[in-house]
Amino acid sequence: MTSGSFSSLATCSALLAGWGVIGALGLLRPGSVALARRVLFPLGALVGVAVATVAFFGVTGGTEQLVLPIGLPDLPVHLRGDALSGVFLFLLGAASAGISLFGAGYFRAGEGAAPGLLCLQYHLFLASMGFVLLADDAYSFMVCWETMALSSYFLVTTQHRIPEIRSAGFLYLLIAHLGAIAILLCFGVMQGGSWQFTFDAMRAAHLSPAWAAIAFAMALFGFGAKAGLVPMHVWLPEAHPAAPSPVSALMSGVMLKTALYGLLRVSFDLLGDPAWWWGLLPIAFGLFTAIYGVVFAAAQVDMKRLLAYSSIENIGIIFTGVGLAIVFLGVGMTVLASLALVAVLYHAVNHAFMKSLLFLGTGSVLHATGQRNLGRLGGLIHRMPWVAWLTLVGVLAIAGLPPLNGFVSEWLLLQAFLSAHEIPQPFVNMLLPLGAALVALAAALAAYVMVKFFGVVFLGQPRETSLANAHDAGWFERLGLLWLALGCVALGLMPTQVIMWLGRVPQQLGMITEMPAASSWWHLVPVAGRQAAYAPLVFLLAIVVTVGVTLLLVNTVYHRRTRRAVPWDCGFARLDARMQDTAEGFGQPIRHIFQPFFDMKRELPTPFDQQPRYRVEIGDRIWRIAYLPLARGVQRVAEALAWLQQGRIATYLLYSFVTLLVLLGFVL
Amino acid sequence: MLNWLTQILEVLAALLAAPLFIGWVNQCRAWLQNKSAPSALLPYRNLRKLFHKEAVLANNASPFFRLAPYVVFGAMVCAAAIIPTLGTRLPFSNAADAIALVGLFATARVFMSLAAFDVGTAFGTLGARREMLVGFLAEPALLMVIFLASLISTSTALPTISEGLATRALGLYPSLAFTGVAFALVLLAENARIPVDNPATHLELTMIHEAMLLEYSARHLALMEWSAALKLFNYACIGFALFLPWGVATGDAPRPLALLAAIPILAFKLFAAGGLLALVETVSAKLRIFRAPEFLATAFLFAVLGLLVHLLLGA
């Protein structure tokens with residue numbers, strides 16, 4: 001990679017800076033929708049494609065380092081590009097290309113902040129995410145991390161005149177900063193007494209096992225808070241729906257992955273060799289998060305909240321994989337560790353594509369109908385065929401159905417789980433295979449959720465008369481959706497190449513010398529022919545051929561006569577849209593089975609009610625168990641400390657004096 | 001060459017035998033219930049009749065509604081191509097292992113449920129909801145069964161599993177006994193049989209599978225019915241592959257005789273399994289829909305128990 005004049009790290013940094021420039025250009029005419037939509041967002045999409053391309057080839061190269069003399073004196077910015085950051089940069093570039101393209105058609109005037117300002121925040125968000133992935137010292141990492149948090153905060157609160165959105169933004173900012181403090185402390189532990197905050201120094205530092213474990217726990221908490229790991233997930237279902245859809249897509253698809261990147265960087269690179277038992281923590285939290293997220297997703301009636309909870313589920317699956325990789329690495333089973341790590345990376349890339357696609361789909365629906373409530377949608381496949389069919393790709397992918405991409409990564413993770421019984425630790429080798437059962441349950445529930453999402457929004461009869469006026473998405477929006485849908489298909493059909501490419505990451509981390517996959521380019525074998533194979537291209541071909549032959553045979557051997565009539569519905573003649581299953585109804589079995597998860601308030605009508613009302617409110621139990629007592633406690637402490645604020649300047653001067661005295665006492 | 005022949009023969013056998021298997025189960029059930037039994041060939045006549053009819057579509061049916069029967073049918077045919085019913089050297093089984101097989105079933109289920117949503121009738125959506133409910137409970141249980149089998153034979157490819165199980169020393173394996181029970185429960189639930197669903201009724205309180213097909217007619221309905229028959233056939237054959245793996249042509253060397261012998265053996269297994277299924281359906285009563293999760297949780301627990309027994313005892 002270092003050969004020649006072409007440096008992918010420098011190119012990548014320049015491109016990321018380019019995003020910043022595009023954002024700044026938005027300020028030239030902040031009120032102009034045309035400038036942002038027609039020029040800046042498409043430009044941003046182009047930069048995204050370029051970043052993805054550079055990162056794609058950068059992954060196969062070596063590591064590169066760069067020191068930029070900007071910022072504070074004696075604190076230059078260290079940048080480093082390697083396979084791990086390359087994979088995430090590719091994810092950022094490729095997903096954001098589709099999202100920006102969509103944004104070119106989506107953002108319009110009169111929706112909160114001025115378009116130029118939005119453009120600045122949006123591209124600053126992109127650039128800061130990129131630099132988080134490249135940062136090679138704690139200072140620049142934290143600066144970019146905070147820039148990312150702040151710019152996304154402003155994006156979430158675009159429509160800041162709505163009180164709910166303001167409070168969602170506050171919650172997001174609060175938890176983002178709790179996480180940031182933990183990350184800061186984690187870096188503080190990892191410098192190991194050298195007081196050097198470059199990542200190189202941290203790699204070289206030798207920590208005692210106890211301190212290393214503390215650093216890992218800090219990282220898990222800090223990055224887990226950003227990723228939406230239960231119980232730090234509460235901000236996610238509030239903030240994602242509040243943001244404009246392209247921003248939701250970026251946050252869910254890309255930003256959550258920067259947290260994953262941070263955790264991987266700390267545990268596999270900076271801390272060096274993790275102890276096997278660390279991995280049990282992410283596995284336990286991950287599995288719980290996966291089930292918790294998907295169960296709540298099934299109970300939602302707001303389509304963006306539903307997707308936000310589904311993101312929590314996917315983060316759970318990803319963290320489970322991270323834990324599994326740590327356990328395998330800790331006991332020295334490096335091949336399986338790299339298999340689990342590749343599954344994690346694969347799922348991260350997949351999720352970026354499919355979740356962005358779904359969030360953008362909801363954006364189109366929102367603009368076409370003005371509705372986010374599933375109870376007021378329906379039948380949109382007739383009015384919005386483009387959005388519906390492209391969203392269907394994302395729906396099938398995230399439901400984990402072959403031959404699309406969601407299936408491949410879950411398949412890899414299950415294969416890794418299947419080998420967990422070989423771990424030479426008693427109990428763990430028996431309990432871990434059971435984790436596969438929970439992953440399978442989460443995947444099956446995800447299919448349930450996605451059937452609900454697609455069925456209620458796009459199929460059936462329109463639940464409101466106004467839906468008859470819904471229009472399909474514009475060309476920019478269609479292109480954005482198409483880009484992401486094609487990504488889902490390509491990632492699903494070419495797993496071998498993707499795995500070989502992702503295999504550079506464990507190789508560069510020194511886990512293995514070569515990725516033991518791939519007997520041939522269309523044929524995927526995870527571990528050295530011992531297990532099984534999966535060839536999605538052949539698989540797809542077989543299905544397509546069968547369907548095609550059936551279609552041909554049925555239509556040639558028999559007649560093709562078709563007649564349209566009113567729906568039969570067992571002979572019931574006065575069918576109307578209100579008789580279809582609602583989102584609440586479709587979630588009812590889940591509410592019934594997983595009752596202990598929910599805080600449920602129900603009002604049922606009595607037979608004598610003149611105006612019967614049925615009302616059900618679903619709350620997050622963790623909110624009540626963990627957060628409300630915490631908030632009350634903080635409030636109480638703050639009230640107790642309030643007497644310090646006497647409001648007299650003499651008292652405050654006394655405080656300063658006492659503080660000075662105490663500090664002097666320390667020094668002397 | 002013989003491998004390809006086996007593959008084609010298997011798919012053809014599945015396509016042709018599946019309706020007969022359903023007919024045989026129905027016939028047995030009628031006998032057991034003291035009714036005058038329909039011919040076992042009735043499903044063929046039914047399919048023929050349906051293919052000849054004019055298709056009636058609801059006014060607001062979308063293209064998805066018309067596409068779904070073909071996808072469901074295609075998925076079931078592909079599933080039949082993966083399962084070793086006659087021989088274990090199947091060229092197509094390299095393309096998809098047992099996990100992908102579960103994925104295929106899930107694909108069919110999702111398409112069917114979405115199609116049930118499409119017209120927007122009360123029954124269709126109700127059926128879709130219940131089908132997904134049964135599906136998300138049954139799928140993990142089925143995966144656990146497959147996991148145990150693949151732990152024993154260190155492969156997730158169904159033919160390899162089957163071969164590995166067939167060549168083991170004969171004996172009673174407690175882990176397999178547990179998962180066998182789990183698999184039987186999953187089979188009943190996934191194929192809309194009593195006690196989870198009743199294939200013989202159109203009463204809205206009891207139906208799951210039939211509710212989803214109410215808006216289908218003619219060729220679309222024929223494909224859906226045929227797919228349902230194929231699904232039952234496939235599940236029965238998965239059961240044979242895991243728990244009765246004997247009599248299937250194995251080994252690399254092509255042995256036409258073994259292949260020929262496999263056909264009557266399969267027929268006999270199906271004959272016995274059909275009778276057994278009819279017996280189970282006759283002696284058990286339909287469960288309330290919210291007892292179904294308990295039923296499937298039992299299946300799941302049995303599968304997990306089997307896995308634990310295997311990991312603890314290695315048996």
> Can you name the residue in segment B:298-309 that is touching a residue at least 12 places away in the same chain (Cβ under 8 Å) and at the interface with another protein chain (Cβ under 9 Å from one of its Cβ atoms) and is also surrounded by the fewest Cβ atoms within 10 Å (Cβ to Cβ) among such residues?
Replying inline: B:304
>> So, in segment A:458-474, how many residues would count as being more than 10 Å from chain B (Cβ to nearest Cβ), in a helix (DSSP H, G or I) and within 26 Å of the chain's Cα centre (by Cα)?
In response: 0
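Per-residue answers, yes or no, for (1) free of Cβ contacts under 8 Å to residues at least 40 places away in the same chain; (2) more than 22 Å from residue A:455 (Cβ to Cβ); (3) surrounded by fewer than 24 Cβ atoms within 10 Å (Cβ to Cβ):
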{"position": "A:340", "(1), (2), (3)": "no, yes, no"}
{"position": "A:343", "(1), (2), (3)": "no, yes, no"}
{"position": "A:355", "(1), (2), (3)": "no, no, no"}
{"position": "A:361", "(1), (2), (3)": "no, no, no"}
{"position": "A:364", "(1), (2), (3)": "no, no, no"}
{"position": "A:382", "(1), (2), (3)": "yes, no, yes"}
{"position": "A:392", "(1), (2), (3)": "no, no, yes"}
> Is there a residue being in contact with a Gly (Cβ under 7 Å, 6 or more places away or on another chain) and part of a helix (DSSP H, G or I) anywhere in segment A:611-632?
Replying inline: no
> When residue B:77 is evaluated against the numbered criteria (1) at pLDDT 90 or above; (2) closer than 19 Å to residue B:229 by Cα; (3) more than 7 Å from every other protein chain (Cβ to nearest Cβ), which criterion, by number, is the only one it fails?
Replying inline: (3)
> Taking the stated definitions as given, is residue B:168 over 20 Å from the mean Cα position of the chain (by Cα) and without any contact (Cβ under 8 Å) to a residue 40 or more places away in the chain?
Replying inline: yes
> Scanning for something in contact (Cβ under 8 Å) with a residue 60 or more places away in the chain and among the acidic types (Asp, Glu), does segment B:273-287 turn up at least one residue?
Replying inline: yes
>> For the structure I just gave you, tell me whether residue A:47 is touching a Lys or Arg at 6+ places or on another chain (Cβ under 6 Å), farther than 19 Å from residue A:141 by Cα and crowded, with 18+ Cβ neighbours inside 10 Å.
In response: no
> Somewhere in segment A:590-599, is a residue surrounded by fewer than 17 Cβ atoms within 10 Å (Cβ to Cβ) and in a loop (DSSP other than H, G, I, E, B)?
Replying inline: no
> Hey, among the residues in segment B:128-164 that are more than 7 Å from chain A (Cβ to nearest Cβ) and among the small types (Gly, Ala, Ser), which one's nearest to residue B:215 (Cα to Cα)?
Replying inline: B:138
> With respect to the numbered conditions (1) hydrophobic (A, V, I, L, M, F, W, C); (2) closer than 20 Å to residue A:362 by Cα; (3) touching a Leu at 6+ places or on another chain (Cβ under 9 Å), which one is the sole condition not fulfilled by residue A:154?
Replying inline: (2)
> Does segment A:266-280 include one or more residues that are under 13 Å from the mean Cα position of the chain (by Cα) and surrounded by 24 or more Cβ atoms within 10 Å (Cβ to Cβ)?
Replying inline: no
>> Tally up the residues in segment A:376-387 that are assigned to a helix (DSSP H, G or I) and more than 8 Å from chain B (Cβ to nearest Cβ), please.
In response: 6
> Listed residues A:583, A:542, A:573, A:577; which is of a type in the set (Gly, Ala, Ser), under 41 Å from the mean Cα position of the chain (by Cα) and more than 7 Å from chain B (Cβ to nearest Cβ)?
Replying inline: A:583
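Matching residues to (1) surrounded by 17 or more Cβ atoms within 10 Å (Cβ to Cβ); (2) touching a strand residue (DSSP E or B) at 6+ places or on another chain (Cβ under 9 Å); (3) among the hydroxyl-bearing types (Ser, Thr, Tyr):
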residue	(1), (2), (3)
B:219	yes, yes, no
B:229	yes, no, no
B:235	yes, no, yes
B:246	no, no, no
B:266	yes, no, no
B:269	yes, no, no
B:288	no, no, no
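Results for (1) of a type in the set (A, V, I, L, M, F, W, C); (2) surrounded by fewer than 24 Cβ atoms within 10 Å (Cβ to Cβ); (3) away from chain B (no Cβ under 11 Å), shown as yes or no for each residue.
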site: A:368; (1), (2), (3): yes, yes, yes
site: A:399; (1), (2), (3): yes, no, no
site: A:406; (1), (2), (3): no, no, no
site: A:409; (1), (2), (3): no, no, yes
site: A:425; (1), (2), (3): no, yes, yes
site: A:434; (1), (2), (3): yes, yes, no
site: A:440; (1), (2), (3): yes, no, no
site: A:444; (1), (2), (3): yes, no, no
> For segment A:389-437, what are the residues that are touching a Ser or Thr at 6+ places or on another chain (Cβ under 8 Å) and in a helix (DSSP H, G or I)?
Replying inline: A:396, A:398, A:413, A:415, A:418, A:435
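Listed here are the residues, each with its yes/no results for (1) hydrophobic (A, V, I, L, M, F, W, C); (2) modelled with pLDDT under 90.
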{"position": "A:274", "(1), (2)": "no, yes"}
{"position": "A:282", "(1), (2)": "no, no"}
{"position": "A:286", "(1), (2)": "no, no"}
{"position": "A:304", "(1), (2)": "no, no"}
{"position": "A:312", "(1), (2)": "yes, no"}
{"position": "A:322", "(1), (2)": "yes, no"}
{"position": "A:326", "(1), (2)": "yes, no"}
{"position": "A:333", "(1), (2)": "yes, yes"}
> How do the pairs read when you match residues in segment A:307-320 that are closer than 13 Å to residue A:354 by Cα with residues anywhere that are in a helix (DSSP H, G or I) and among the basic types (Lys, Arg), using Cβ under 9 Å and keeping only pairs 6 or more apart or on different chains?
Replying inline: A:307/A:355; A:310/A:355; A:311/A:355; A:314/A:355
> Residue check: is residue B:157 modelled with pLDDT under 85, within 20 Å of the chain's Cα centre (by Cα) and either aliphatic (A, V, I, L, M) or over 30 Å from residue B:221 (Cβ atoms) (or both)?
Replying inline: yes
> What number goes with the only condition from (1) among the polar types (S, T, N, Q); (2) within 11 Å of chain A (Cβ to nearest Cβ); (3) outside any helix (DSSP H, G or I) that residue B:198 does not pass?
Replying inline: (2)
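The values are calculated or read from the model by the stated rules, or taken from the named source; none is laboratory data. From a predicted model like this one, the values you see are computed outputs, not experimental measurements. With ideal geometry, Cβ positions are generated from the backbone for all residues, glycine too; neighbour counts draw on all protein chains shown.
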